[in-house]
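Below is one structure, written out as structure tokens; comments come after it.
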Amino acid sequence: MATKYAVILLGTLPFSALATADETPLNVVATIGMIADVAQEVGGECVNVEAMMGPGVDPHLYQASASDVALLRGAEHILYSGYSLEGQLGSVLENFSARTPTLAVAPASIDPASLITAQDVYGVDPHLWMDVSLWAQTLPTLSDALSEARPECATTIETNTERYQAQLLALHEWVKESIASIPEEQRILVTAHDAFSYFGRAYDIEVEGIQGISTETETGIADIRSMADSVVARNVPAIFVESTINPRTIQAVIDAARQQGHDVTIGGQLYSDAMGDEGTVDGTYMGMIYRNTQHIVEALGGSLAPLPKALDDWASEWQLAQ
């Protein structure tokens, strides 16, 4: 009887009220910025995506606050990366999945054969966004999920997906060409933790992380000495800090290398588990990859390739040199 009454009541609403309800952007909450930004690009004006974790936030150590729970309660759709990236947040997401459509984007999108396995509690390295061609595979998954939730937007979402897919694949090729310009003997990327394995595999650069995949692991004196020995032996010119990790570990390696007579510098700050500040190019997924590549290439003796024409509009929007 209650359902019948609800249908009759709905039928009495003016058409304008129904149209407004249908056109309300889908309220989406994503755990990390690398998912939130991609979902917003795919959904466009049909969605409003908010990231739980902002610049400088480490998802491995993240714990949900009361405001996060309130944010999730108001969501019509929840997106998270998966493969244990969100750590302790996992149980909260599991609880919400019983009442709100909740999607683990990476497992739903990427062929297990493309994953890098890890010999730790993770089992799988979750930093898949570091390979742009892999992260582009999340677009069809997000497109389907958002179109199902807002079927009236399906055509717009499909158009957005095709446009953004072309941009990501162009960016992938640009990164590959730019990294290839680094002299082979200097093509080694040393970072605070092991978040760049997909980047290394995709773009042919050796990667060394002082910590493991998770920032929960402790770095010992032996780890620092071993990395310093490698930096000296390979004559590495620069190593990199990360926006989500205290730079003291990297500084310890620099100090240890200098004790052996090798002067190594900090090549810049890289974005690993979070993007940059909102409202900047670094605060977008494409901008995060662009800036990382710029810092790596310039610090290790390479030169950036010209941006492809497929990225003209994006580069113009952010006033980047083309």
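The values are calculated or read from the model by the stated rules, or taken from the named source; none is laboratory data. Fair warning: this is a prediction, and the values are worked out from it, not measured in the lab. When we count neighbours, we look across all protein chains shown, and the Cβ atoms used for this are built from the backbone with ideal geometry, even at glycine. Quick note on the areas: whole protein, heavy atoms, side chains included, nothing else; ligands and nucleic acids left out. Shrake-Rupley method; radii C 1.70, N 1.55, O 1.52, S 1.80 Å.
Brief remarks follow.
- Alpha-carbon centroids, the stretch 86-156 and the stretch 230-260: separation in whole Å: 33 Å
- ASP263, ASP312, ranked by accessible area, largest first (probe 1.4 Å): ASP263, ASP312
- Computed from phi, the 3J(HN,Hα) profile of the stretch 308-319 under the Karplus parametrisation 6.51, -1.76, 1.60 (θ = phi - 60°) reads x, 4, 4, 9, 4, 5, 5, 5, 5, 4, 9, 6 Hz, with x in place of Gly and Pro.
- Here SER303 sits with roughly 70 square angstrom of accessible surface, probe radius 1.4 Å.
- Computed extension length for GLN294-ASP312: 4.8 nm, one decimal, from 0.36 nm per residue of separation with the Cα-Cα distance subtracted.
- Across the accessible surface of the stretch 26-172, with the other protein chains kept in place and a 1.4 Å probe, carbon and sulfur atoms take up 50 percent.
- Computed from Cα atoms, the angle from the helix 248-259 axis to the main principal axis of the chain rounds to 10 degrees.
- The residue list ILE182, VAL297, VAL28 was ranked by how far each Cα lies along the charge dipole of the chain toward its positive end, using unit charges on Cβ atoms, and VAL28 comes out on top.
- With every protein chain in place and a 1.4 angstrom probe, the accessible-area ranking of ARG234, ARG201, largest first, reads ARG201, ARG234.
- Over the chain, relative contact order from alpha-carbon pairs under 8 Å, at least 6 apart, %: 18 percent
- The fraction of accessible area contributed by carbon and sulfur in the stretch 181-318 is 44 percent, rounded to a whole number (1.4 Å probe; ligands and nucleic acids excluded).
- Backbone HN-Hα couplings from phi across the stretch 23-32 [Karplus 6.51/-1.76/1.60, Hz, Gly and Pro as x]: 8, 5, x, 5, 8, 10, 10, 10, 5, 10
- By accessible area with a 1.4 Å probe, ligands and nucleic acids excluded, highest first: order of SER243, SER81: SER243, SER81
- Placing unit charges on the Cβ atoms only, positive for Lys and Arg and negative for Asp and Glu, gives the stretch 26-172 a dipole magnitude near 200 debye about its Cα centre.
- Measuring with a 1.4 angstrom probe and ignoring ligands and nucleic acids, ARG73 comes out at about 150 Å² accessible.
- Overall form of the chain per C-alpha gyration tensor (a/c, 1.5; a/b vs b/c): prolate
- Contact order, relative form, for the stretch 181-318: 24 percent (alpha carbon pairs under 8 Å, 6 or more residues apart, mean separation divided by residue count).
- Over the stretch 163-297, equivalent-ellipsoid semi-axes from the Cα gyration tensor in Å: 26, 17, 12
- Net charge dipole, the chain: roughly 280 debye, given to the nearest 20, about the Cα centre with Cβ charges of +1 for Lys and Arg and -1 for Asp and Glu.
- Karplus (6.51, -1.76, 1.60) ³J(HN,Hα), θ = phi - 60°, over the stretch 260-274, in Hz, Gly and Pro reported as x: 9, x, 10, 8, 10, 10, 7, x, x, 9, 9, 9, 10, 9, 8
- Annotation: amide H of ALA51 within the under-5 Å range of ALA30, sequence separation 5 or more or interchain, hydrogens built in the peptide plane.
- In the elastic network of the chain, a GNM with C-alpha springs shorter than 10 Å, the most mobile of MET275, MET130, MET227 is MET227.
- For the stretch 26-172: rounded, prolate or oblate by the Cα gyration tensor [a/c cutoff 1.5]: oblate
- Solvent-accessible area per residue, Å², over the stretch 181-318 with all protein chains present [probe radius 1.4 Å]: 42 Å²
- Rolling a 1.4 Å probe over the heavy atoms of the protein chains gives the stretch 26-172 an accessible area of 40 Å² per residue.
- Per-residue [θ]222 nm for the chain (sum of -39500 (n - 2.57) over DSSP H runs n ≥ 4, rounded to 500): -13500 deg cm²/dmol
- Cα-centred dipole magnitude for the stretch 136-254, charges only on beta-carbon of K, R (+1) and D, E (-1), debye, nearest 20: 280 debye
- Computed over the stretch 26-172: relative contact order in percent, which uses C-alpha pairs under 8 Å that are six or more apart: 26 percent
- Amide H contacts of VAL241 (H built 1.01 Å from N, under 5 Å, at least 5 apart or other chain): GLY267, GLY268, LEU270
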